[in-house]
1. When only DSSP loop residues count, what trypsin sites (Lys or Arg not before Pro) in the stretch 369-473 have their Cβ near at most 11 other Cβ atoms within 10 Å?
2. Determine, for the chain, the count of lysine pairs separated by eight or more sequence positions (or lying on different chains) whose alpha-carbon distance falls under 15 Å.
3. Once you have a ≥ b ≥ c as the square roots of the Cα gyration tensor eigenvalues for the stretch 260-328, tell me rounded if a/c is under 1.5, and otherwise prolate or oblate according to whether a/b is larger than b/c.
4. For the chain, rounded, prolate or oblate, judged on the Cα gyration tensor with a ≥ b ≥ c (square roots of eigenvalues), a/c < 1.5 rounded, else prolate if a/b > b/c?
5. If you average the C-alpha positions of the stretch 588-628 and of the stretch 291-349 separately, how far apart do those two centres end up, in angstrom?
6. Name the shape class, rounded, prolate or oblate, that the alpha-carbon gyration tensor gives for the stretch 539-653, where a ≥ b ≥ c are the square roots of its eigenvalues, rounded holds for a/c under 1.5, and otherwise prolate holds if a/b is larger than b/c and oblate otherwise.
7. Give me the dipole magnitude in Debye, nearest 20, for the stretch 618-751 about the Cα centre, with unit charges on the beta carbon: positive for Lys and Arg, negative for Asp and Glu.
8. Could you grab the relative contact order for the stretch 618-751? Cα pairs under 8 Å, six or more apart, rounded to a whole percent.
Amino acid sequence: MESETLLTTMHWGTYEVRAENGRLVGVEPWSGDADPSPIGKSMLDTVQGHLRVSRPAIRRGWLEGDRSKPAGRRGGEAFVEVPWETALDMVAAELKRVRVEHGNAAIYAGSYGWASAGRFHHAQSQVHRFLNTIGGYTSSVLSYSYGAAEVILPHVLGGTDGLTGNHSTWDGIESHSELIVAFGGLPWRNAQIQGGGSARHEAMAALRNAVGNGARLINVSPVRDDAPRGVESEWLRLRPNSDTALMLALCHVLIDEGLHDGAFLARYCTGFEAVRAYVMGEADGQPKDPAWAAALSGVATETMLALAREMAAKRTMLMVSWSLQRADHGEQPYWAAITLAALLGQVGLPGGGFGFGYSSTNGAGRPEMGFRWPSLPQGRNQVPDFIPVARVADMLLDPGGAFDFNGAAMTYPDTRLVYWAGGNPFHHHQDLNRLVEAWQRPETVIVHEPFWTATARHADIVLPVTTPLERNDLAFSNRENLVVAMKQAIDPVGEARDDFAIFAALSARLGTSDAFTERRGAEEWIRLLYQQASENAAAAGVDMPSFGRFWQDGHADLARQVTSQTLLGAFRTDPERHRLATPSGRIELFSATIEAFGYDDCPGHAVWREPREWLGSDLAGRFPLHLLSPQPADKLHSQYDHGSVSRAGKVSGRAPLWINPVDAAARGIVDGAVVRVFNERGSCLAGAVLTDGVIRGVVQLPTGAWFDPSQPGQPHSLEKHGNPNVLTADRGTSRLAQSPTCNSTLVEVSRFEGAVPPVTAFDPPATVCLAEVSGMSGPQPNHKEA
Ligand SMILES: Nc1nc2c(c(=O)[nH]1)N[C@H]1C(S)=C(S)[C@@H](COP(=O)(O)OP(=O)(O)OC[C@H]3O[C@@H](n4cnc5c(=O)[nH]c(N)nc54)[C@H](O)[C@@H]3O)O[C@H]1N2
Ligand SMILES: Nc1nc2c(c(=O)[nH]1)N[C@H]1C(S)=C(S)[C@@H](COP(=O)(O)OP(=O)(O)OC[C@H]3O[C@@H](n4cnc5c(=O)[nH]c(N)nc54)[C@H](O)[C@@H]3O)O[C@H]1N2
Ligand SMILES: [Mo]
């Protein structure tokens, strides 16, 4: 019996993987992981399970219809399995047809999604590189994670330091912070993840040290469990989406009591005067004082007074989770937090200032390697068209439609073909019923997927892809001083191929083979990336072993060069030499640029704007519960929802809905009951969990349950599995950032009466044999220029 143990790296950890006779038999955390994530176990029962896409599959209605007018509806149809050669011919012919008839801008391939860790087989890099070699595609900018922040922060700070990287490192927080105020909390569950691969999981230990050293930690959230596990903290309950009001009131107290740092504001910031006039009520007659904010947030005025005074008296670190900006006017809590930190005057000091997304992933505040890891070069996209990523349904529904974005007047391109590799829009997008409708518009949808996810089920052509266990790759993660040789552990499942191999085969059909592959196979690309990494490392004074040595050892530990830094520390030391990349070179508490855009929903300084949907709006009369849809504890997004770890967390087979016992009692809901969650956009079933860990008026339903409509392909049928995105609104944060607002959603919850429909998301779709497809002697690429 052949048995082998190898290392593999996923976004949630590095694992020792054991295979026997080609079967995966063991997944254990890597011995160097201090705080491993259980999520990896889910790979055991799924990677070779029944939900793998095993052969290329074509939607029946698409095969039967005319190419520019496909028949049927995406999402509810059977698939016809075809040989690889047939499927590749069809994809190549469709790409040709759409390019000739409509131009490359008619191909939408933002292809947003996390896919898997592994530097070479990164699905998005692969699809973008491939399409760039054939003339390009309409792309997307920004992320679902922190799109609003990506737009507002460059206006205010000149970049995104403190959001995605270059945070103040934990060592400074551990030794200097006396007060840590965490808006949106610091949930341990999210720190399991590090994009590109995690390995050591050091964030929670750092936080424990900070609190152990005497820092007082306050979890500002509607949810008690947003406090980190095993760390002492206090819970400051507030109404969802009211953080900006609370922050402005804290500013009011500081100004009113003369506790703000005038010297800091004068030297390092612009626009304090405009902020002061607004906060004190001179601009609009409404002081943003604690009494005003108490009515909006539910936080007591005395609590705000005491907190503002304590903040001014202590070394205070403001941490703001990414979730706060995935809400209506999500730009504002970030601008307000920076404004509050500026008033406190501790920006650039260790243990003080602010940072975004500490514990939104494991990497924030970890020392970064002092050089760049290479990635697969994507080439140049000759199509200028793009959309802010979360506007995808708007684009499909409204070709030629106009919209504003960050000062530009833009129009939506006319999409004929959608190409997706490595993402699950039927997981990540808001208002999925609207997406089901929008998704019927293109002529062809092509998806590469390892599993029968909702997005695969809504495609016309599904190409089966390997998981990382079925291919060789490299993991470099920016925050891990570790490089992992991700060696193939098992044979490809079914007929699965790598994204790279698929694009190489398509390139051969399109006459662009050399441009795409540069005559390298996967192994040569992996060596090349490693070589480039070694050169970058050497230039930064870091030694990497030879490739041969590294591959034999299975991983390489690297010495960290940078070990400690403070966000805006250099700027504080010398604001002239280290001017920020803002128009004034300083922190812009007021931005003339944004003011000049003339957006009523995002004026020139941080403001309170009521969310369109929250407990303060009229709609709360009909839908009185604010729904939060955070990241799931037991998986990454929708990935491995069908695995044992995720399935163990289901309640009555559905995603758990946390509800306060008082709200539950008023609706006759008992713990463990199947409930219906609904609003005007949709409805889903969930399993009730009664807990006083959510405040009254708030319910929490994590993302990730595989979309399971009771009438697939038809909008507005009951979703059976607990996917919150049938409830969330598909509208941009503001005309500035046009980013997702999933955390501004109102719902009602009721007991589900009658026979509970079974969950069917984990049954693969029906496949028919070729003979059953009407009017076709065999699967032919029915394109015009075959
Ligand atoms: N309501 C609500 N919605 C949200 C959020 C929220 O907070 N609330 N959060 C949002 C955020 S922050 C994000 S980042 C998104 C996440 O949304 P996504 O990143 O789209 O979600 P994933 O489930 O990670 O989807 C990745 C897909 O890639 C597939 N895959 C894995 N490896 C490979 C590969 O090698 N090749 C190919 N071709 N495919 C592969 C996986 O099987 C999976 O289906 O969701 C967003 N949606
Ligand atoms: N286990 C696991 N970890 C993950 C992921 C995953 O899928 N699974 N996804 C990763 C990704 S892609 C991302 S972008 C990050 C996201 O990281 P975050 O954005 O930080 O994560 P969320 O879980 O959406 O939100 C954190 C908490 O914010 C609170 N919250 C929501 N709205 C408000 C509000 O208006 N005010 C206040 N004060 N609190 C609010 C919610 O109670 C929620 O539990 O997580 C990453 N980590
Ligand atoms: Mo994200």
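The values are calculated or read from the model by the stated rules, or taken from the named source; none is laboratory data. Just so it is clear, the model here is predicted, and its values are computed rather than measured. Cβ: placed from backbone, ideal geometry, glycine included. Neighbour counts: every protein chain shown. Note: accessible area is taken over every heavy atom of the protein model, side chains too, but ligands, DNA and RNA are not part of it. Shrake-Rupley method; radii C 1.70, N 1.55, O 1.52, S 1.80 Å.
1. Details: sites: R372, R380, R391, R416, R434, R457, R471; in loops: R372, R380, R416, R471.
Here the trypsin sites (Lys or Arg not before Pro) that fit, given the DSSP loop and packing criteria, are R380.
2. On the way: K41/K635; K69/K784; K96/K784; K635/K650; K650/K720.
For the chain, qualifying lysine pairs total 5.
3. Numbers: a/c = 1.29, a/b = 1.11, b/c = 1.16.
Since a/c stays below 1.5, the shape of the stretch 260-328 is classed as rounded.
4. Details: a/c = 1.57, a/b = 1.36, b/c = 1.16.
Verdict is prolate for the chain.
5. Answer, in whole Å: 16.
6. Numbers: a/c = 3.66, a/b = 1.11, b/c = 3.29.
Note, shape of the stretch 539-653 comes out oblate.
7. Numbers: 13 positive and 11 negative charges, 19 e Å.
That gives a dipole near 100 debye.
8. Working: 314 pairs, mean separation 44.4, N = 134.
Reported as a whole number, the value is 33 percent.
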